[in-house]
Amino acid sequence: MFIKETVKGMRDILPAEMEIREYLLGKLKYIYTSFGYTQIETPCMERIENLTNKQGGENEKLIFKVLKRGEKLTEAFDGSDPDSLCDSGMRYDLTVPLSRYYANNAGSLPAPFKSLQVGSVWRADRPQKGRFRQFTQCDIDILGDNSNTAESELIYVTSLFLDSVGVKGNTVLVNDRRVLKGMAKKAGFVEEDYNKAFIILDKYDKIGEEGVKQELLDSGFAPEAVEAYMTIFHGFLTAEDRFTYVDEAFGDCMEPGVADNIRQIFENVALMSDGKFNLSFDPTLVRGMGYYTGTIFEIKSEDFKGSSIAGGGRYDNMIGNFTGNATCACGFSIGFERLVGALLDKKFKAEGSREKVAVLYGKAFTSGDVAKLQQKCNVLRGEGKIVLVQKMNKNVGFQKQKLEQEGYTAFIDVRYPDELDTKF
């Protein structure tokens with residue numbers, strides 16, 4: 001017996017949503033390619049070793065693993081290690097595949113290389129509203145540029161895209177993993193506990209400053225280290241000039257120039273956008289991926305309460321894991337599904353959408369009459385309109401109602417063939 005429901009966490013996409021998705025992708029590709037980004041494509045599956053390299057944070061626990069095939073699977077069953085049954089997995093993001101792609105093809109690509117990648121990714125997550133097990137990611141990355149012009153451009157062009165599709169009230173939150181580590185080191189945390197502390201700090205927007213402090217204590221951190229950490233953190237939040245505060249409060253625990261690097265990014269984006277886009281130096285921004293090495297950023301919007309709409313950062317060590325040679329890299333990913341969902345909730349109408357006309361013909365039409373009707377409709381199509389030719393149902397009112405839900409705004413009823421010359 002066949003089952004009509006989709007696999008849990010997967011979904012069918014109806015025409016109204018598909019129209020918005022195609023509009024957004026068209027707009028995204030137009031804007032990004034105008035800045036020199038080149039579209040690429042990578043396979044949906046990667047070798048399991050690439051996906052389980054302790055770079056993907058919590059996502060590595062959500063991999064859809066793929067079994068070996070044939071004799072190799074039979075041989076693996078004889079072993080005692082369950083992981084030996086798998087040799088590949090579905091990609092959980094587009095950054096790991098991009099890094100492998102660049103390592104494999106760098107000789108055929110320009111340097112630096114500006115990549116645009118759009119595709120499905122898979123995570124064995126708990127499905128809920130706006131969260132699926134298969135979803136689309138849209139990434140832009142700059143590989144081979146170690147200057148902050150890469151971060152500046154990525155932030156600017158992504159903000160430009162979101163603004164162009166009606167997502168307003170955006171704030172780009174910017175931080176640096178080196179700032180996070182400098183704060184922790186100054187407070188007296190040991191290096192192996194940094195990530196544990198960062199995970200707690202990342203909850204700041206949900207549990208507040210006191211909540212972060214209490215959870216650090218409950219997690220077994222030394223009270224004097226927690227107190228020092230919260231003093232530094234509170235000073236960061238209240239400082240008039242956060243860039244200067246970083247250098248004064250814990251600059252001796254970082255490599256020089258980190259805060260000035262972020263300041264330059266702010267100045268660059270302000271210059272490119274004529275001050276249109278809002279940036280904020282946010283010490284609570286963590287980003288969960290283990291592969292980030294420097295600047296990190298997210299975009300929050302008034303349209304997306306409680307969650308970010310885009311995020312990314314610098315990951316200078318990832319490609320070197322494949323080649324053995326350090327290659328600087330920086331990227332930004334848009335939460336495409338969240339963006340589509342928000343626009344659907346707002347009854348978004350794509351700019352420049354072609355007018356959709358439904359031509360309904362009566363039961364007296366022969367196949368030859370329908371062919372003649374199609375010929376007549378070619379005039380409207382030549383004017384740039386979308387024209388659907390469809391037989392009229394008994395309940396024509398309900399038929400038109402369903403078509404209106406698909407965006408048809410004009411209707412032409414042709415009940416008899418002899419009306420063709422008068423209707424067109």
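Averaging 1/r over each pair of different alpha-carbon atoms in segment 284-334 and inverting the result gives 12.0 Å, the Kirkwood hydrodynamic radius.
If the viscosity is 0.692 mPa s and the temperature 37 °C, what Stokes-Einstein diffusion coefficient in µm²/s follows for segment 295-424 when Rh is the Kirkwood radius over Cα pairs?
170 µm²/s
The fraction of all Cα pairs in segment 249-370 landing in successive 10 Å bins from 0 to the largest distance is 9, 26, 27, 15, 8, 6, 6, 2, 1, given as whole percents. Charged side chains reduced to their Cβ positions (Lys and Arg at +1, Asp and Glu at -1) give segment 284-424 a dipole of some 340 debye around its Cα centre.
With respect to the chain, whose longest principal axis is taken over its alpha-carbon atoms, helix 149-164 is tilted by about 40°.
Loop-located chymotrypsin sites (Phe, Trp or Tyr not before Pro) across segment 266-361 with a Cβ neighbour count of 14 or fewer within 10 Å are lacking, with loop assigned by DSSP.
Can you pull a Stokes-Einstein diffusion coefficient for the chain at 25 °C (0.890 mPa s), Rh from Kirkwood over Cα pairs, as a whole number of µm²/s? D, rounded to a whole number, is 98 µm²/s. For helix 223-238, report the angle its Cα long axis makes with the longest principal axis of the Cα atoms of the chain; keep it between 0 and 90° and round to the nearest 10°. Result, in degrees: 50. Go ahead and set up a Gaussian network model of the chain, Cα springs under 10 Å, then flag whichever of 397, 290, 313 fluctuates most. Ranking 397, 290, 313 by mean-square fluctuation puts 397 first.
A cut-off under 13 angstrom between Cβ atoms defines the neighbours of residue 370, and their net charge, with Lys, Arg +1 and Asp, Glu -1, is +3.
Since only 135, 393, 92 are under comparison, the one whose Cα sits farthest along the positive direction of the charge dipole of the chain, derived from C-beta charges on Lys, Arg, Asp and Glu, is 393. For residue 330, the shell of other residues with beta-carbons less than 10 Å away shows a net charge of -4, using +1 for Lys and Arg and -1 for Asp and Glu. Backbone geometry of segment 390-405 corresponds, through the Karplus equation with coefficients 6.51, -1.76 and 1.60 at θ = phi - 60°, to 3J(HN,Hα) couplings of 8, 5, 6, 7, 4, 9, 5, x, 5, 4, 5, 4, 5, 5, 4, 5 Hz, x marking Gly and Pro. Largest GNM mean-square fluctuation among 299, 48, 140, using the chain with Cα springs under 10 Å: 48.
Evaluated at q = 0.28 Å⁻¹, a Debye calculation over the C-alpha positions of segment 348-423 (equal weights, vacuum) places log10 I(q)/I(0) at -1.38.
Here the relative contact order of the chain, from alpha carbon pairs under 8 Å that lie six or more residues apart, stands at 17 percent. Would you look at the GNM of the chain, springs on alpha carbons closer than 10 Å, and say which of 395, 170, 59 moves the most? Among 395, 170, 59, the largest GNM mean-square fluctuation belongs to 395.
Between residue 253 and residue 228, the simple label model (points 7 Å from Cα in the Cβ direction) yields a spacing of 0.7 nm. Helix-only arithmetic for the chain: the sum of -39500 (n - 2.57) across DSSP H runs with n ≥ 4, divided by the residue total, places the mean residue ellipticity at 222 nm at -12500 deg cm²/dmol.
Dipole check for the chain: with +1 at the C-beta of Lys and Arg, -1 at the C-beta of Asp and Glu, and the Cα centre as origin, the magnitude is about 2320 Debye. Among the trypsin sites (Lys or Arg not before Pro) found in segment 213-320, those both in a DSSP coil and sparsely packed, with 15 or fewer other Cβ atoms within 10 Å of their Cβ, are 276, 305. On C-alpha positions alone, give me the angle between the axis of helix 258-273 and the longest principal axis of the chain, in degrees, nearest 10. Approximately 30 degrees, to the nearest ten. On segment 175-286, 47 percent of the accessible area sits on carbon and sulfur atoms, based on a 1.4 Å probe.
The Cα center of segment 394-410 and the Cα center of segment 240-302 differ in position by 51 Å.
Where the alpha-carbon atoms of segment 196-319 are placed on the principal axes, they occupy 46, 37, 36 Å, in descending order. What the Cα atoms of segment 1-140 give is an Rg and a Dmax of 17.9, 54 Å. Electrostatic tally near residue 26: other residues with Cβ closer than 14 Å to its Cβ, Lys and Arg +1, Asp and Glu -1, net +1. Coupling constants for segment 93-109 follow from the phi torsions by the Karplus curve (6.51 cos²θ - 1.76 cosθ + 1.60, θ = phi - 60°), and in residue order they are 7, 9, 6, 4, x, 4, 4, 5, 4, 5, 4, 7, 10, 3, x, 9, 10 Hz; glycine and proline get x. Here the Karplus curve 6.51 cos²θ - 1.76 cosθ + 1.60, taken at θ = phi - 60°, turns the phi angles of segment 130-144 into couplings of x, 10, 10, 8, 10, 8, 9, 10, 10, 10, 10, 9, 10, 10, x Hz, with x standing for Gly and Pro. Taking every DSSP beta bridge that has both ends in the chain, the antiparallel portion is near 70%. The per residue volume of the convex hull around the alpha-carbon atoms of segment 141-183 is 84 Å³. Taking every Cα-Cα distance in segment 7-57 and sorting them into 10 Å bins from zero, the calculated P(r) comes out as 17, 25, 37, 21 percent.
Solvent-accessible surface of the chain, averaged per residue with a 1.4 angstrom probe and all protein chains in place: 52 square angstrom.
In summary, segment 89-177 shows an alpha-carbon radius of gyration equal to 1.28 times the 2.2 N^0.38 Å reference for compact globular proteins. Checking the cross-link pairs 129/402; 213/300; 27/65; 347/385; 346/400 against a 28 Å limit on the alpha carbon distance flags 27/65 as lying beyond it. Applying the criteria of a DSSP loop state and at most 12 other Cβ atoms within 10 Å to the trypsin sites (Lys or Arg not before Pro) of segment 384-424 yields 394. Over all projection directions, the Cα-based convex hull of segment 241-287 averages an area of 3.9 nm².
The values are calculated or read from the model by the stated rules, or taken from the named source; none is laboratory data. Note that this is a predicted model, so its numbers are computed, not measured. Every residue, glycine among them, receives a Cβ derived from its backbone with ideal geometry; neighbour counts consider all protein chains shown. Heavy atoms of the whole protein, side chains included, go into the accessibility calculation; ligands, DNA and RNA do not. Shrake-Rupley method; radii C 1.70, N 1.55, O 1.52, S 1.80 Å.
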